[in-house]
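The values are calculated or read from the model by the stated rules, or taken from the named source; none is laboratory data. If you're wondering where the values come from, they're calculated on a predicted model, not measured in any experiment. Every residue, glycine as well, gets a Cβ built from its backbone with ideal geometry; the counts of neighbours run over all protein chains shown. Just the protein is used for accessible areas: all its heavy atoms, side chains included, with ligands, DNA and RNA removed. Shrake-Rupley method; radii C 1.70, N 1.55, O 1.52, S 1.80 Å.
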Amino acid sequence: MSSKIRAITTGFALAFTFTQATFAEDGKVYPATMCQGSLVGNPPITYNDGRQLKNNSTSNSAVVVCPVIKDNVFSNAGLNEAYMRYYKANSTGFLSTLYSYSAFGTANYVQYKSDFGGAGYKTLSFTPISSYNQGYYQFIAVIPPSPTSTKSSVISYRVDEN
């Protein structure tokens with residue numbers, strides 16, 4: 001009788017363990033210091049102060065690429081949600097695009113968000129996006145210029161992988 005109870009208990013424990021794993025969500029917050037400028041000018045218009053990536057230009061927008069690490073390489077379940085946090089020094093547009101690329105970058109899912117509102121600390125929120133088996137994700141952001149000493153910047157970005 002005790003071996004029968006042990007077998008049933010073990011079965012329930014295994015079923016509970018596997019049920020929990022299927023609902024797991026893997027969220028990560030990345031610092032903007034991981035982002036790289038793609039149109040940086042000469043001298044470079046982007047500046048990394050250790051907390052955020054700023055656009056030092058008073059007249060040109062800075063285009064930056066922000067990588068995302070995909071934990072489940074063979075999954076195509078995608079991202080549940082994603083955010084980009086930033087600071088705008090004025091009402092000039094801040095643009096961000098979330099890409100989910102195939103393994104060779106030949107296909108993609110894409111979401112585009114923009115903010116043409118006033119200055120301040122802001123968050124752009126993205127809805128779920130699919131992914132490709134062995135593919136990758138990245139954000140591309142356009143940081144507007146700032147005519148003042150307070151500079152527009154990317155602060156951090158977050159993704160919650162399914």
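Listed conditions (1) modelled with pLDDT under 95; (2) open to solvent by less than 50 Å² (accessible area, probe 1.4 Å) are all met by C66, apart from (1).
The residue list D49, D71 contains one member that is open to solvent by 30 Å² or more (accessible area, probe 1.4 Å), out of contact with any Cys (no Cβ under 6 Å at 6 or more places or on another chain) and modelled with pLDDT of 90 or more, which is D49. Here M84 clears all of (1) within 12 Å of the chain's Cα centre (by Cα); (2) open to solvent by 20 Å² or more (accessible area, probe 1.4 Å); (3) under 17 Å from Q52 (Cβ atoms) except the condition numbered (2).
Restricting attention to the range 22-46 and to residues that are assigned to a loop (DSSP other than H, G, I, E, B) and open to solvent by less than 40 Å² (accessible area, probe 1.4 Å), the residue that is modelled with the lowest pLDDT turns out to be I45.
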